[in-house]
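Just so it is clear, none of the values below were taken in a lab; they were calculated from the coordinates. Note that the structure is a prediction, hence the values are computed from the model and not measured. Every residue, glycine among them, receives a Cβ derived from its backbone with ideal geometry; neighbour counts consider all protein chains shown.
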Amino acid sequence: MTVPEVAASTRETLAGPEAVTGQELLDDMNDHWCSHTHKRERNKLMKRLIDFGKANNVRITILSGDVHLCCVSRFRGTSETSKANPKNDPNFITNLISSAIVNAPPPSGMARFLSMRARKHRFQKDVVEDMIPLFSVEPGTGKHRLHELFMNKRNYSDLIPIANIPRDQLLRRYGDITTDKFYVPGVVGENMTFANKTENIAAASKTNGPIGYPFDPEGVIATLRVEADMTDVNSETGAYELLVPSLEVKK
């Protein structure tokens, strides 16, 4: 993929508009794991991680960044067992991508471009990779967003073991009955959306589908916290979260 050197666009920083050249965008794109300069090394690493998780019955979750926006990608199995419950999917790996908090984000056109290019890829015969739709609304305003896969705003992230979160907080968020519920990733502050097994299997058949994940006391909650207003030094953040279950391989 080549980004041509064209007329510079602009982005807002705390100091005012800042020019963004085609070369800067090209540098950002070349930093991407899926760029041609990194793809072979990246695929080798991912295969080793998948094999390690299977051999040791552990869930692998990746935290990375430095592309100046946020999103969550995933590897997942295509078997019926994996579709029925992601907890039993040994190929399920999420990559939480969080930008450097001090850097200005890329223009909105870049997020739209990446969204249009976000197709399902087949990593192995029984493993596919796609994106998790997470950003249905803007942080702060709650305004509906057309593109749910990438958020081009400054952000930071946290991954917290569910066992470390107070029980009353978990009850308020997820309710007292979590069995057979698959919580769909999304914005924090609204009622949790959850799917049943049939709905989850249907979502798993789609590219970038809204697959829900089970509440697992041994899992973690991954949260991206996104700045609402870059021009306000006291800006609040909007939170978007994903449940990551532990791995339980069925014999």
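Assign unit charges at the C-beta atoms only (+1 for Lys and Arg, -1 for Asp and Glu), then state the dipole size of segment 57-244 relative to its Cα centre in Debye, rounded to the nearest 20. Before the final figure, lay out each step's value.
On the way: 22 positive and 21 negative charges, 127 e Å.
Rounded to the nearest 20 debye, it is 600 debye.
Within 10 Å of each residue's Cβ, count the other Cβ atoms and sort 64, 157, 108 from fewest upward.
Placing the least packed residue first, the sequence is 64, 108, 157.
Among 214, 249, 182, pick out the residue whose Cα is farthest towards the positive end of the charge dipole of segment 179-251, where Lys and Arg carry +1 and Asp and Glu carry -1 on C-beta, about the Cα centre.
249
Looking at segment 179-231, which trypsin sites (Lys or Arg not before Pro) are DSSP coil and have at most 12 other C-beta atoms within 10 Å of their C-beta? Intermediate results must be reported in sequence, preceding the final value.
On the way: sites: 181, 197, 206, 225; in loops: 181, 206.
Those satisfying the criteria are 206.
How many angstrom lie between the C-alpha centres of segment 178-195 and segment 72-123?
18 Å
Dipole of segment 57-244 (Lys/Arg Cβ +1, Asp/Glu Cβ -1, origin at the Cα centre): which of 102, 239, 69 lies farthest to the positive side?
Most positive-ward Cα: 69.
Can you list residues from other chains, or at least 5 along the same chain, whose modelled amide H is less than 5 Å from the amide H of residue 247?
59
Taking the Cβ-Cβ separation of residue 80 and residue 231 as r and a Förster radius of 45 Å, what is the calculated FRET efficiency to the nearest 0.05?
On the way: r = 50 Å, r/R0 = 1.10.
After rounding, the FRET efficiency stands at 0.35.
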